[in-house]
Amino acid sequence: MRGDLPLKGFSPPGKPDVATTPGFFCFPAQPRHPLKISNHYFDVPLFIAKFVVENIILLFFVNPDSEILPLTALPEEDKEDIAVNEAFRDLMDCYLASCHRRRTEIIHKAFRFARMAHKGVKRRSGEPYILHPIAVAKIVVAELGLGSTSICAALLHDVIEDTDFTYEDILAAFGPKIASIVEGLTKISGGILGREPSQQAENFRKLLLSMSTDVRVMIVKMADRLHNMRTLDALSTEKQMAIANETLYVYAPLAHRLGLFKIKTELEDLAFRYQHPAIWREIHSKVNESEAERRRIVEEFVGPVRKKLDAAGYKYEIKARVKSAYSIFNKMQKKGVPFEEVFDIYAVRVIFENDDDQLEKIRCWEIYTFFTDDHPTHPDRLRDWTSTPKANGYRALHLTAMGPEGKWIEVQIRSRKMDEIAELGYAAHWKYKSGEQSSESELDSWMNTIKDILAHPEPNAVDFFDTIKLSLYSHEIYVFTPAGDLMTLPSGSTVLDLAFEIHSHLGLHCVAGKINHRLMPLSHPLESGDQVEIITSHTQTPRPGWLDYCHTAKAQNRLRAWLRRNAPTDNAPADTIQRPEITATITIEGRDRHSMLLDIVGAATRNSRITIRSMTVDSHDDTFECRLTVSALSAHPLRRLCQALRKIPDITKATKLLNANR
């Protein structure tokens, strides 16, 4: 199709003598910018011709030879350029629609740099490689809400690894922030799960080191992994399984710890799809079949609540959420039930606008009453995460109520701020950085644990890997100090774990704990709601056996570090070389009185060669009986302990029974 059309105002180059016609004019356009007209793409050269006929505007692209080219007439290379330009324009539309300040120049610069660096390179799917960094950058801005620095890092994230450009080149072109994130992404570009524990440990160490330097490294890496999982079909079955396993074992738990709920859920579901394709298809099919019925039940359930929310003047939205196939499968496995008997497949989420942080919790509980007024609630399914956020910063009020036809429906009540932090986790905290910090403290506490592990590295690869897993996969409990401070610990933590969590000095000299005003040994496991006081002695020193009582990464890390520093050498005196311990149970009887247990513990800890293993106490009226299990490297300290116990006022008997495991 020729473009020899008369133009008004001025003519294209090489066409100085064209006639002028009313309604035509021509103006410069950016070169090689595609435009879609009537489902046809046209190559954009130097000029755009605009023709107005009865208020209808027609656009024509005119190159220097006045030729209009449809897409089918373009070379394959030009088609790829059009696809790349479209993808980048889509990315910029997402960025300009966000609330970030406009720094379009540096994003355009990063795009041009990455496009030049990856020129001619293709993915296994056959598409230009540059489309992958653009897709990652779009996830970063559209799904994670980050700004220009992270977008640029996403566009450049494979440049150092896959091209001849270096860190110094990125630094010179984009400055230290972007260069540092790109370098961190380069260090963790390989797989995590190697064949040897030492390789896995080193890979994990690189991953955590990059994350502790700037958490945006890990957030961009999550976006990279998510896009790779979305486009996994182009790889072989073997590679699909390897990447899916690594995603489920490493990246999904990390996304959970960082509070990236949306990313975590999709990563789990995509990994499950490749690990168990038949089961995944079956569950998805059953979920889709029940969609219409599910919508009817949910709408009937929330109908009365909508009226109360409207009457109370709330601005809100109500969403119906379906569990992922992976989550449904896990529940089926855990409960040993079929799909039809998983009662909480769907949930309702109420998100309300809130303009006053002081009223946020009160409004959550008011909306809670709107549900409980009309629906019976499950007594064991109330979760108040508004007062005690999860370790990843998650805050919401959860309840489970009886819906139509006797179906249980989970309800999540959140403010808009709670919802953004719940969905985007650490990525959302920059938005609320200047506001209230309580929800961020738990996330920062976990990040500080990671930094502590890296600051005191464990030379044994298996031990290091175990320490990381403790920090990554554990659930939480909540305990209180005597002053009323709330402490978050992994489930299964002991008195010793809490002591190390408060301060390393307390952990190294801990002898026991008072739990709800009852004396307990340092090995005693804690439960949510316990009030715990740590009892220490300056003569107490750690023993290798303490590792059996440690269930937190920090406690294990600090304890191993101390044991390495104080390990006996081959030239050490004979009495300092580690020997098998002797364990004994001492039965103590006497008249009960105030501070009696403290006197007993004090007698045991004054001798630095004694370790308290456990303690049980039975009291009746004015008498008591205590069974104290202790260990030592020889029988002599045990005899001296019995003598010291008999000298305590009101104790009438202290007898020792050596256990069999000498």
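The values are calculated or read from the model by the stated rules, or taken from the named source; none is laboratory data. It should be emphasised that the depicted structure is a prediction, and the values quoted were computed from it without experimental measurement. All Cβ positions, even for glycine, are placed from backbone atoms using ideal geometry, and neighbour counts span all protein chains on display. To get the accessible areas, we keep the full protein, side chains included, count just its heavy atoms, and leave off ligands, DNA and RNA. Shrake-Rupley method; radii C 1.70, N 1.55, O 1.52, S 1.80 Å.
Brief remarks follow.
- Theoretical gain in end-to-end length, Ile648 to His108 [0.36 nm per residue, Cα-Cα removed]: 186.5 nm
- You can think of it this way: the chain between Gln333 and Cys99 has 79.9 nm of extra reach, that is 0.36 nm per residue less the Cα-Cα gap.
- Anisotropy class of the range 88-176 from Cα gyration tensor, a/c 1.5 cut: oblate
- In Hz, Karplus ³J(HN,Hα) per residue of the range 489-506 (6.51, -1.76, 1.60; θ = phi - 60°; x = Gly, Pro): 9, x, 4, x, 5, 10, 4, 5, 4, 5, 4, 5, 5, 6, 6, 4, 4, 4
- 31 Å Cα-Cα threshold exceeded, pairs from Lys315/Lys390; Lys79/Lys262; Lys239/Lys417; Lys138/Lys308: Lys79/Lys262; Lys239/Lys417; Lys138/Lys308
- Per-peptide average of other Cβ atoms within 10 Å, ordering 296-308, 355-367, 259-271 highest first: 259-271, 296-308, 355-367
- Largest to smallest accessible area among Ile351, Ile160 [probe 1.4 Å]: Ile160, Ile351
- Electrostatic tally near Ser491: other residues with Cβ closer than 10 Å to its Cβ, Lys and Arg +1, Asp and Glu -1, net -2.
- Label separation (Arg306 vs Glu625): 6.7 nm, computed from points 7 Å beyond Cα along the C-beta direction.
- Efficiency of FRET from Cβ geometry, Asp356 and Ser528, R₀ 30 Å, rounded to 0.05: 0.50
- Working note: Karplus 6.51/-1.76/1.60 with θ = phi - 60° gives the range 79-89 the couplings 4, 5, 4, 5, 4, 5, 4, 4, 4, 5, 5 Hz, where Gly and Pro are set to x.
- Label-zone membership for the range 637-655, site Asp599, 7 angstrom Cα→C-beta point, backbone N under 19 Å: 640-655
- What the phi angles of the range 628-635 give under the Karplus curve with 6.51, -1.76 and 1.60, with θ = phi - 60°, is a coupling list of 10, 9, 10, 9, 7, 7, 8, 6 Hz, glycine and proline written as x.
- Separation of the range 584-654 from the range 481-543 is 20 Å, based on Cα centroids.
- Under-5 Å amide H pairs with Thr623, H placed in peptide plane, nonlocal only: Asp592
- Computed from the C-beta positions of Arg321 and Leu563 and an R0 of 56 Å, the FRET efficiency is 0.75 to the nearest 0.05.
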